[in-house]
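J.: Take a look at this one; I'll ask things after.
The values are calculated or read from the model by the stated rules, or taken from the named source; none is laboratory data. Note that the structure is predicted; figures quoted are calculated from it, not measured. Don't worry about glycine lacking a Cβ; one is built from the backbone with ideal geometry, like all the others, and counts go over all protein chains shown. What goes into the accessible areas is simple: the full protein's heavy atoms, side chains included, and nothing from ligands, DNA or RNA. Shrake-Rupley method; radii C 1.70, N 1.55, O 1.52, S 1.80 Å.
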Amino acid sequence: MMSKLKNKVAIVTGASKGIGASIAKHFAKEGAKVVVNYASSREAADSVVKEITDNGGIAISLQGDVSKEADVIRLFEESKKAFGALDILVNNAAFQGYTPIEQVSADTFHQHFNVNVLGAILAIQASLKLFGDKGGNIINISSGASKMPLPAASLYSATKAALDAITISLSKELGAKNIRINSILPGATETEGASSAGVTTGSEYEKMFIANTPLGRRGQPEDIAKVAVFLASDDAAWITGEQISVSGGMYGF
């Protein structure tokens, strides 16, 4: 057990799989007490918790759909009952779809924006009540698509651009309260969410992403998690309002 986050309490939304699960595990390894949030995948979330506790860490799983205000309120209330104060919020829960503009509907619009943007705002509002006078740390998991929007992903790209704007705005709004907020912009990362959106091994999407990634591979969830640990730690005490690409160079130009 390492100690960059010793005695810290963290909530990671959408942490039952992929990037969120990896962040939860890395946080716990560094000494944080972690709330593994999930919307529907209880078994997967419990598996993440078991892996953490089997390795000597502290974690619990809590259900909550971040797009629903009542769920978010309950999530943070239950977290407070379990661990007390809050130090770190990671807004990782996301909906990712690839839809040609002709097929975009009001439902798909709201599905993207309610989870990816409203969900982050609701979670941030709830976190402010638990941070207290000591301040806190917010990490938004954005996407390189916010800087280089993808074809057939206008909604997803737009939500991530909105999330980056929120990061910059709130860094100015919350800095005086000793609350830091940053965005991580992953590149093409191999996750269950990406696979369900059509970015599977050997697919044309994967080939396109790898061809445009200078380091010549897709990212792994741990590539993102290690940067999240850095941003959550005192090593990043002078960093706020930033959009940090973790993309193998894809979004570094």
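J.: Expressed as an acute angle from 0 to 90° and rounded to the nearest 10, what is the orientation of the C-alpha long axis of helix 42-54 relative to the principal long axis of the chain?
T.: 50 degrees
J.: A further question follows. I'd like to check one number: the per residue accessible area of the chain, probe 1.4 Å, reported in Å² as a whole number.
T.: Result: 46 Å² of accessible area for each residue.
J.: Another question, then. Per DSSP H run of at least 4 residues, take -39500 (n - 2.57); add these up for the chain, divide by its residues and hand me the 222 nm value, nearest 500 deg cm²/dmol.
T.: -13000 deg cm²/dmol
J.: If you place +1 on the Cβ of every Lys and Arg, -1 on the Cβ of every Asp and Glu, and leave all else neutral, what size is the dipole of the chain about its Cα centre, to the nearest 20 Debye?
T.: Dipole magnitude for the chain comes out near 580 debye.
J.: Compute the semi-axes of the equivalent ellipsoid of the stretch 154-253, taking the square root of 5 times each eigenvalue of the Cα gyration tensor, and list them largest first in whole Å.
T.: Over the Cα atoms of the stretch 154-253, the semi-axes work out to 28, 15, 11 Å.
J.: Provide the per-residue ³J(HN,Hα) series for the stretch 66-81, in order, calculated from phi with Karplus coefficients 6.51, -1.76, 1.60 and θ = phi - 60°, each as a whole number of Hz, with x at glycine and proline positions.
T.: 5, 7, 10, 4, 4, 5, 5, 4, 5, 4, 6, 5, 5, 5, 5, 4
J.: So for the chain: antiparallel DSSP bridges make up what percent, rounded to the nearest 5? Before the final figure, lay out each step's value.
T.: On the way: 0 of 28 bridges.
The antiparallel fraction comes to roughly 0 percent.
J.: To test your reading of the geometry: what angle, between 0 and 90 degrees and rounded to tens, separates the Cα axis of helix 154-174 from the longest principal axis of the chain?
T.: Around 30 degrees separate the two axes.
J.: Ignoring ligands, DNA and RNA, please state the percent of accessible area on the chain from carbon and sulfur, probe 1.4 Å. Before the final figure, lay out the partial values.
T.: Details: 6210 of 11720 Å².
Within the chain, the accessible surface is 53 percent carbon and sulfur.
J.: Pairs of lysine in the stretch 79-182 with Cα under 26 Å and at least 8 positions apart or on different chains: total?
T.: Going through the stretch 79-182 pair by pair, I get 15.
J.: Another question, if that's okay. For the stretch 231-237, take each phi angle, set θ = phi - 60°, evaluate the Karplus expression 6.51 cos²θ - 1.76 cosθ + 1.60, and give the result in whole Hz per residue in order, putting x for glycine and proline.
T.: Ordered by residue, 3J(HN,Hα) equals 5, 7, 8, 5, 4, 10, 4 Hz.
J.: If you work out volume of the Cα convex hull per residue in Å³ from the coordinates, which of (i) 106; (ii) 120; (iii) 137 do you get?
T.: (ii)
J.: Here is a further query. Please work out the C-alpha center-to-center distance from the stretch 194-221 to the stretch 108-148 and express it in whole Å.
T.: Centre-to-centre distance over Cα atoms comes out at 25 Å.
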